Amino acid sequence: MKTIVILGSSFAGVTTAHRLLKQAPKTGDVKIILVGPNTHLFWNLAVPRAVVPGQFSDEKLFGAIAPGFKQYSTARFEFVIGTAERLDLDSKHVSVATDNGEKLIGFDILILATGSRTKGDIPFKGRGSYEDTRNALHDLQDKVKNATSIVIGGAGATGVETAGELGFEYRTGKKITLISSGARILEGTPLSVSKTATKKLQSLDVTIRLKTKILSSAKLADGRTELTLTDGQKITTDLYIPTVGLTPNSSYIPQNLLNPDGFVIVDEYLRVRSTTDVWAVGDVSNVQRPQFVNTEKQSVHVAKNIGLLMKGKDIVRYQKDDKDMLAVPIGRKAGTGHLGGMKFPSFMIVMIKGKTYFTQNMGPTITGSAV
């Protein structure tokens with residue numbers, strides 16, 4: 001029996017664990033040890049809407065992980081609540097900090113799925129434990145409720161979605177400003193998508209400032225935030241929501257396996273470079289931009305390759321999609337997006353993503369019925 005340790009108990013780790021366990025009858029016996037700091041899966045995809053109080057209950061955003069794996073025997077699955085601290089590839093052990101002290105876990109195969117975190121204190125990603133993330137989200141919702149002015153920094157998909165949700169809910173009661181460092185919002189998308197997003201945000205009375213960078217932010221004595229912009233201007237807002245930049249959760253990984261930004265370097269098979277039994281899935285990897293659909297595809301591929309290895313067969317190369325895909329709800333009744341050069345109509349974005357942000361998939365993801 002092979003012991004496969006998966007570090008990270010968010011979407012990438014949970015789905016990969018289920019895939020390996022489900023394919024085991026065909027590929028060979030495995031024991032999966034899932035390691036993560038959070039007892040609950042956080043459906044962070046929905047955070048742009050969840051920042052608005054009352055839109056999603058906690059039950060729609062957080063689901064206990066352990067009950068989803070009760071279908072497997074304890075000989076096949078173990079869930080360890082803890083944080084990876086050190087990785088020793090020579091001895092094939094990982095050191096995990098738990099509430100009961102350090103736990104040394106051996107592995108035959110290791111999967112790195114520890115994800116990333118936002119650079120600010122806004123919980124667009126997990127903040128560690130379930131309780132810490134939930135409390136951070138509640139705190140943000142309270143701040144949104146009490147603010148009369150809100151500035152969103154960064155006009156990528158997350159920033160645009162967040163601005164749209166706030167504009168839809170508060171267009172007459174709060175001043176919402178979206179700041180973009182680029183010449184247009186949603187840079188990197190077809191021009192028609194950017195133009196549509198701009199018009200829809202403006203219809204929600206969201207103010208858009210282009211070609212502007214936020215150089216620094218400072219908390220004032222009255223609780224507001226002062227932002228210093230590239231043109232030297234200073235603006236004060238009740239609430240600042242940064243949406244730019246992700247930091248990989250890779251501090252436990254040897255430096256020679258990371259790129260200068262701290263992301264794990266993988267080969268064409270999604271195996272960590274210069275290793276034979278270590279793989280990476282999701283945001284912690286450098287292979288693609290952090291995105292839900294990319295993580296899903298990587299999880300499928302890594303599980304497949306591990307299965308092939310266990311059957312003594314050749315592994316296969318990972319194929320990136322030739323066409324980028326993006327779906328961006330803007331409020332609850334509009335949106336935009338594209339697949340390559342093809343623009344999606346607004347109603348399609350609303351129907352597919354904008355109604356629920358896929359929250360209905362959280363339960364099936366935890367139980368494995370969605371993989």
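Here, each number is a calculation from the coordinates, and none is a lab measurement. Predicted model, so just to flag it, every value in this text is computed and none were measured. All Cβ positions, even for glycine, are placed from backbone atoms using ideal geometry, and neighbour counts span all protein chains on display.
Below, the figures for the structure above:
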| quantity | calculated |
| --- | --- |
| In region 3-107, the trypsin sites (Lys or Arg not before Pro) that fall in loop regions by DSSP, at most 15 other Cβ within 10 Å | 70 |
| Value of relative contact order over region 1-104, rounded to a whole percent, pairs C-alpha under 8 Å and six or more apart | 25 percent |
| Net charge, residue 58 excluded, C-beta distance under 12 Å - Lys, Arg +1, Asp, Glu -1 | 0 |
| Theoretical gain in end-to-end length, residue 100 to residue 255 [0.36 nm per residue, Cα-Cα removed] | 53.0 nm |
| Only Lys, Arg (+1) and Asp, Glu (-1) charged, at Cβ; region 252-371 dipole about Cα centre in debye | 460 debye |
| Rough spin-label spacing in nm, given labels placed 7 Å along Cα→Cβ, for residue 347 and residue 136 | 3.9 nm |
| Cα→Cβ-extended label distance, 7 Å offset, between residue 210 and residue 226, nm | 3.0 nm |
| The chain: calculated mean residue ellipticity at 222 nm from DSSP helix runs of at least 4, using -39500 (n - 2.57) | -8000 deg cm²/dmol |
| The chain: relative contact order in percent, alpha carbon pairs under 8 Å with at least 6 residues between | 20 percent |
| Using a Förster distance of 51 Å, the FRET efficiency for residue 183-residue 268 (Cβ separation, nearest 0.05) | 0.90 |
| Theoretical gain in end-to-end length, residue 339 to residue 71 [0.36 nm per residue, Cα-Cα removed] | 92.7 nm |
| Segment residue 191-residue 291, length gained on full extension (0.36 nm per residue, minus Cα span) | 33.9 nm |
| Net charge of neighbours whose Cβ lies under 13 Å from the Cβ of residue 230, counting Lys and Arg as +1 and Asp and Glu as -1 | +3 |
| Choice from 29, 99, 121 showing the highest fluctuation, given a GNM over the chain with Cα pairs closer than 10 Å | 99 |
| Environment charge of residue 316, counting only residues whose C-beta is closer than 14 Å and scoring Lys/Arg +1, Asp/Glu -1 | +4 |
| √(5λ) per eigenvalue of the Cα gyration tensor, region 1-155, largest first, Å | 33, 17, 13 |
| Between region 31-59 and region 343-366, the Cα center-to-center distance that results, in Å | 16 Å |
| Amide hydrogen neighbours beyond the local backbone of residue 178, cut-off 5 Å, H modeled | 152, 207, 208, 209 |
| Listed residue pairs exceeding 29 Å between alpha carbons, taken from 70/320; 22/320; 22/343; 2/119; 119/320; 174/219 | 70/320; 22/343; 2/119 |
| Within region 265-361, trypsin sites (Lys or Arg not before Pro) in DSSP loop having at most 15 other beta-carbon neighbours inside 10 Å | 273, 311, 313, 317, 320, 323, 333, 355 |
